[in-house]
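Colleague: I have a structure I would like to understand better, so I am pasting it below and will then ask my questions one at a time.
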Amino acid sequence: QTTELNARKGFFMETATYQVIRIDGDYAILRRLDEEDAAEIPVARALLPPEIREGSRLLREFLEYSIIDE
């Protein structure tokens, strides 16, 4: 049980980069840039910086997203 909890903590603290593939209503569809064949994931736009657009690159750290390389 402790191992599972530590694995979840690691996910939340993990730093990752994403690209906005498309915006679909209240969601942005993201793809992780550092994983080959990464799946597209929907993320509520309320969790993302308001100025995102298709093609924006995002950094996720400590469960917060910020724009990079704009």
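The values are calculated or read from the model by the stated rules, or taken from the named source; none is laboratory data. Note that this is a predicted model, so its numbers are computed, not measured. Please note: Cβ atoms are built from the backbone with ideal geometry, for glycine as well, and neighbour counts cover all protein chains shown. Areas reflect the complete protein model, heavy atoms only, side chains present, ligands, DNA and RNA absent. Shrake-Rupley method; radii C 1.70, N 1.55, O 1.52, S 1.80 Å.
Colleague: Within region 24-70, what whole-number % of the accessible surface is contributed by carbon and sulfur, with the 1.4 Å probe and all protein chains included in the calculation?
Modeller: Reported share for carbon and sulfur atoms: 46 percent.
Colleague: Next question, about the same structure. Report the full-extension gain for the segment Asp26 to Glu40: residue separation times 0.36 nm, less the Cα-Cα distance, to one decimal in nm.
Modeller: Gain on extension, Asp26 to Glu40, equals 3.5 nm.
Colleague: Expected output is a single nm value to one decimal: the length gained when fully extending between Glu14 and Ile68, i.e. 0.36 nm times separation in residues minus the C-alpha distance. What is it?
Modeller: 17.8 nm
Colleague: In sequence order, what are the phi-derived ³J(HN,Hα) couplings for region 22-37 according to the Karplus relation 6.51 cos²θ - 1.76 cosθ + 1.60 with θ = phi - 60°, rounded to whole Hz, with x for glycine and proline?
Modeller: Running phi through 6.51 cos²θ - 1.76 cosθ + 1.60 with θ = phi - 60° gives 7, 10, 10, x, 7, 10, 10, 9, 10, 10, 5, 8, 9, 10, 5, 6 Hz.
Colleague: Within 10 Å, count the other beta carbons around each residue, average over each peptide in 35-42, 48-55, 24-31, and list them highest first.
Modeller: Top of the packing list down: 24-31, 48-55, 35-42.
Colleague: Please give, to one decimal in nm, the separation of the simple spin-label points placed at Leu47 and Leu33, each 7 Å out from Cα toward the Cβ.
Modeller: 1.9 nm
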